[in-house]
1. Could you give the spread of the C-alpha atoms of the stretch A:150-200 along their three principal axes, from largest to smallest, in whole angstroms?
2. What is the gain in length, in nm to one decimal, between A:Arg223 and A:Ser199 on full extension, counting 0.36 nm per residue of separation less the C-alpha to C-alpha distance?
3. How large is the translational diffusion coefficient of the stretch B:43-159 in µm² per second when you combine the Kirkwood radius over alpha carbon pairs with Stokes-Einstein at 10 °C and 1.306 mPa s?
4. Compute the separation of the alpha-carbon centres of the stretch A:121-158 and the stretch A:172-229 and state it in Å as a whole number.
5. Out of all Cα-Cα pairs in the stretch B:127-192, roughly what percent, to the nearest whole number, are more than 20 Å apart?
6. Considering the dipole of chain A built from charges on the beta carbon (Lys and Arg +1, Asp and Glu -1) around the Cα centre, which of A:Thr36, A:Val129, A:Ile197 is farthest to its positive end?
7. Please report, in debye to the nearest 20, how large the charge dipole of the protein assembly as shown is about its Cα centre when each Lys and Arg carries +1 at its beta carbon and each Asp and Glu carries -1 there.
8. Each residue of the stretch B:81-97 in turn: what ³J(HN,Hα) in whole Hz from Karplus with 6.51, -1.76, 1.60 and θ = phi - 60°, glycine and Pro shown as x?
Amino acid sequence: MSSIGTGYDLDVSEYSPEGKLFQVEYAHKAVESSGTAVGICCRDGVVLAVENIVTSKLYETNCNRRVFHIDRHIGMAASGLLPDARAVARHAREEAADYRQSHGEPMPLSELASRVSNLMHAYTMYSAVRPFGCGVLLAAFENGRPQLYGVEPSGVYYSYHGYAIGKAKQNARTEIEKLKLAELSAANGVKEAAKIIYSCHDEVKDKYFELDLSLTSAETAGRHVIVTGEQWTEASNYAKAALEEHDSDDDV
Amino acid sequence: MLADWTQQEVLTGTTIMAVEYNGGVVIGADSRTSSGTYVTNRTQDKLTPLTEYIYCCRSGSAADTQAIADHVRYYLDFSRISQGREPTVRYAAHVMQSILYNNRDNLSAAVIVAGWDEVNGGQVYCIPLGGLLVRQPMAAGGSGSTYIWGHLDAQFKPGMTDTECQEFVAKSVSLAIKRDGSSGGVCRLAVINRRRRTTAHYHARRFAKVVRWLN
């Protein structure tokens, strides 16, 4: 269980005696109590998938996607507070568009990840603001290489082959490690990502969720594409079938 | 009583040229800077490095182009540090263009940005007065270029080797020097590719070659 930060957790600009910033740790908790987001670098592309937990059947489907276009070639998946994720997406979009205009070429993902990280970190330094309560996965397929960066509420970021954040991140990361990413095509990666989301979804606690999927690959010519229609249905069915198989194994 | 030329701005009435080949670019320029009818510098180097792999050929006001080149060099240095790789020629040309376009009313400068990068190989970008940016396989500028456009159009062919490009540029700049009073001195030549930048100077009259290697 987490240590109580009594007295040292009122301000993000205050350290605790052990050298922790409790507000940042609480921001991580916001991410951990939200639906899982998964990113996978396949042989020829990157897949993003999010377990978008929906709390009411009254919502229109896909009204609050958790996968965002940042630029034509960059996509973002978010776990945590959705309004915070939207703010990060807005900043990221401005940075990417600015870069395109001043450089005459699309922004490299490594640069964008660095800027997003600087932004999220900046909000951990002043008492007038609070840290972002979201973690983001940034994906692009640049010059034939798939790239995935994960940025956390503290601002720390790494480049990953595959990563997961959110509720079931441990289970999801274990599942990702089982995949042979170097051989996996992006088209199959979409199905595998869906399968991971379904298998990590807790049926009891969160009844209803939407699967947000996106793909940036050689097939999409480097464009970030939200997966819908047939491809989405195929992935979703593959995931559900795998789940049933697994469940029926359990019965034995 | 001061002579006319002391009151006049220093211009690089010039011939500058750049040609792409498969694997790099060849750039060339004359070496005359004039102030009215007085030649202030007969050995001027108008081929100015922006980075190790990207050069610009300068024409128009010498002061304007030198100051702008310094600015562009600053942006590119910063970019190299923050991105951890050499800037692309396209970015260099874009930075140059944004300065030239946004200050077009106060500047008299036309440049050719040419160089090599890993992404797209040898590239030549022409930025004439006003700040238009266009990539071309071959570009020429300065007052001397007007005298050789016919020659360039007739002699240029795509897919030349670097040696053929060097001869082409040396000959063309020398011909312009012959006819344009504002161009003179030697033809400075540089080849920019993945491995090295080499420079050579050709004397316009005799095409005598003095070769100096950089690094």
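1. Ordered largest first, the stretch A:150-200 gives principal extents of 33, 22, 16 Å.
2. Numbers: separation 24, 0.36 × 24 = 8.64 nm, distance 2.81 nm.
Difference between extended and current length: 5.8 nm.
3. Values: Rh = 14.7 Å.
After rounding, the answer is 108 µm²/s.
4. 20
5. Working: 665 of 2145 pairs.
Value for the stretch B:127-192: 31 percent of Cα pairs lie more than 20 Å apart.
6. Of the candidates, A:Val129 comes out farthest on the positive side.
7. On the way: 48 positive and 54 negative charges, 519 e Å.
The calculated dipole for the protein assembly as shown is roughly 2500 debye.
8. Using θ = phi - 60°, the values come out as 5, 6, 9, x, 8, 5, x, 7, 4, 4, 5, 4, 5, 5, 4, 4, 4 Hz.
The values are calculated or read from the model by the stated rules, or taken from the named source; none is laboratory data. All figures in this text were calculated on a predicted structure; none of them were measured in a lab. Virtual Cβ from ideal backbone geometry, glycine too; neighbours counted across all protein chains shown. Protein only, heavy atoms only, side chains kept; ligands, DNA and RNA dropped before computing areas. Shrake-Rupley method; radii C 1.70, N 1.55, O 1.52, S 1.80 Å.
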